[in-house]
Amino acid sequence: MIPVSYYLLLSAVLFAIGVFGIVIKRNMVTIFMCIELMLNAVNLTFVTFARYHSLLDGQVFVFFVMAVAAAEAAVGLGIIVALFRNRQTLNVDEADLMKW
Amino acid sequence: MPENIAFEIQQILPDVILCFFGVFILLAGPFVGKAKQSSLGILGLAGIVAASLATANLVGNDGTYFTGMIIVDHFSIFFRFTFLLISGLTILSSLDYLRRQNINLSEYHSLILFATVGMNLMAASNELIMVFLGLETLSISSYILLGVKRTDPKSNESALKYFLLGSFSSAFLLYGIALAYGATKTTNLELIAKHILSGSADMRLVYIAMGLMFVGFGFKVATAPFHVWTPDVYEGAPTPVTAFMSVGPKAAGFAIFFRVFLVAFPTTYEKWLVLAWASAVLTMTLGNVVAIVQNNIKRMLAYSSIAHAGYILVAFVSGRDDGVAAVLFYTLAMNIGAFTIVALISRENEQKISIDDYAGIGFKQPLLASSLSLFLLSLAGIPLTAGFAGKFFIFRAAIESHFIWLAVVGVINSVVSVYYYLRIIVIMYMKELPEDYVPVSISPGVAVVLWLATFGILQLGIYPDFVISLARVSVLNHH
């Protein structure tokens, strides 16, 4: 049987790839996909622990997370479309009307 | 057992009422003419009043409900009232603003109600998944609220920045929740504490989980170094939404921050205290120092709210939650008054938000200028105002817990902050009024907000016993 640490490591790596992508990528949609990747890495962690502890609630949490991610996707893409209509760009560096 | 379910639903009745009104406003929106959109705001206010009555009904029902997911205690009830007050003031101050800016969206009012539901559920959650769901209900509503001026690129940008950083931080929080679940086999806050005490939890995982949650909450409440989004988001948002964002989500974030760390990790959170200490010092100093050089009043108030998050962290570090932080939230709620005036002075399309636009209005608009001065003096913590009471209790708590240096840094910061608050008052009263100045009229809704905020500030400043005794019973029950 594959030890539980492999799954945890895989989800940690996926999460790290998501964080890394957000830091280096400049396209809004790609950044958004990286966020989804982070959430799915967390889902994998939930399922792993649910299986490891023989509990069901971890599996149920995944559904909550998926529902929230779907709602976030709807709103997020709406915001990106609204911004694209006004600015004709998907590059986050060009969203600089207000300086950091 | 049906009667049991009815009894449990009673414990979240305020949220049920708010959801009902929110959905009803959404449905009624298309049938109400553009000129009558403000009647939907009145409907929203009615929902908030009804929810307040239902909240008052919760007093005395202490306990956990829905298999331990929802908790009713003084802490959650105090915060529920604070949130309802904040949302009520926001809707009142928005009525006039939305009409002047020509934003005829019924969604606006229902989103405020949905955001309030999210905040309420955060304060009442006794379970990490519930924390996440409450937080997301609040966040998703506020993403839309920030971008409600769809044709304004600044509003788009503000929504985009908050959306990207908000969901980024939610992922951190969620990863922390997953690891805490893995380490302790549960997401119930009290059971987590039990597992940690009994030594059956994997402590390495617990520490990583706490670190990730610290980052997640840090983003939500905008403590340094996770504060970078705040000024941009606050500047671009419609001003009443900025007012809402600077107090509502912040108070909700801190409420849940306190509850998670004090209830679930009471014995282990000392490990993180040094981090919280550093973050408090950094947050206060950065907020106040950068606020000095701001020329945009919304950005200045954004940095001032970052500094206030630092003061609340001082209360967290002191670990003496005898309601000290609660007092500060109450004073922060009065921040809405300041933003209401900013919204009023900014005119159409928010042209006038530079500090110089306040030159000379002191004698031209006496009511606006004097109440803005009072709000700023309260933020600075001048005696006889609410801000003084709030800061006094926090620094006293820090000294009593032997965090002398933290209190010293806090007081120095407080002195620094007087400079930029007073600067606006000086500009209002000592500079020449531009010749082409057109006075702004005060609508009834705005007048009510200003009077309520003025009353709140003076009442807590001059006679604080009432609010403080309320805050004292709202102490979080932890071990």
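Every number in this text was worked out from the coordinates using simple rules, so none of it is lab data. In this text, all values refer to a predicted model and were calculated from it rather than measured experimentally. All Cβ positions, even for glycine, are placed from backbone atoms using ideal geometry, and neighbour counts span all protein chains on display.
Observations on the structure shown:
- Helix A:28-52 axis, angle to chain A major axis (alpha carbon atoms, nearest 10°): 10 degrees
- Dipole magnitude for chain B: about 460 debye, using +1 per Lys or Arg Cβ and -1 per Asp or Glu Cβ, origin at the Cα centre.
- Shape category assigned to region B:282-420 from the gyration tensor of Cα positions, a/c cut at 1.5: prolate
- For the pair region B:333-369 / region B:370-402, the C-alpha centres are spaced 23 Å from each other.
- Normalised alpha carbon radius of gyration of region A:4-94 [divisor 2.2 N^0.38 Å]: 1.29
- Chain lengthening between residue B:275 and residue B:399 when straightened (0.36 nm per residue, less Cα-Cα): 42.8 nm
- Rounded to the nearest 20, the Cβ-based charge dipole of the protein assembly as shown about its Cα centre (Lys and Arg +1, Asp and Glu -1) stands at 580 debye.
- Exposure proxy ranking, count of Cβ atoms within 10 Å, fewest first, for B:227, B:74: B:74, B:227
- Cβ-based exposure ranking for A:53, B:109, in which fewest neighbours within 10 Å come first: A:53, B:109
- Shown for B:430, B:245: other C-beta atoms within 10 Å of each C-beta, ranked fewest to most, produce the order B:430, B:245.
- Global geometry of region B:1-115, whether rounded, prolate or oblate, following the gyration tensor of its Cα atoms and the 1.5 cut on a/c: prolate
- Considering only alpha-carbon pairs that sit under 8 angstrom and 6 or more positions apart, the relative contact order computed for region B:2-473 is 14 percent.
- Electrostatic dipole magnitude of chain A [Cβ: Lys, Arg +1; Asp, Glu -1; Cα centre; debye, to 20]: 140 debye
- Exercise: per-residue mean of other protein chain Cβ atoms within 10 Å, B:359-366: 0
- Efficiency of FRET between residue B:35 and residue B:200 - r from beta-carbon atoms, R0 56 angstrom, step 0.05: 0.30
- For the segment B:225-234, counting C-beta atoms of other chains within 10 Å of every residue's C-beta and taking the mean gives 1.
- Degrees, to the nearest 10: B:37-56 long Cα axis against longest axis of chain B: 40 degrees
- Degrees, to the nearest 10: B:297-318 long Cα axis against longest axis of chain B: 30 degrees
- Across B:194/B:391; B:34/B:431; A:25/B:220; B:149/B:431; B:34/B:250, pairs whose alpha-carbon gap is larger than 29 Å: B:194/B:391; B:34/B:431; B:149/B:431; B:34/B:250
- Cβ-Cβ FRET estimate between residue A:29 and residue B:458, R0 fixed at 51 Å, reported to 0.05: 0.50
- Inter-label distance for residue A:2 and residue B:347, nm, one decimal - labels placed 7 Å from Cα along Cα-to-Cβ: 6.5 nm
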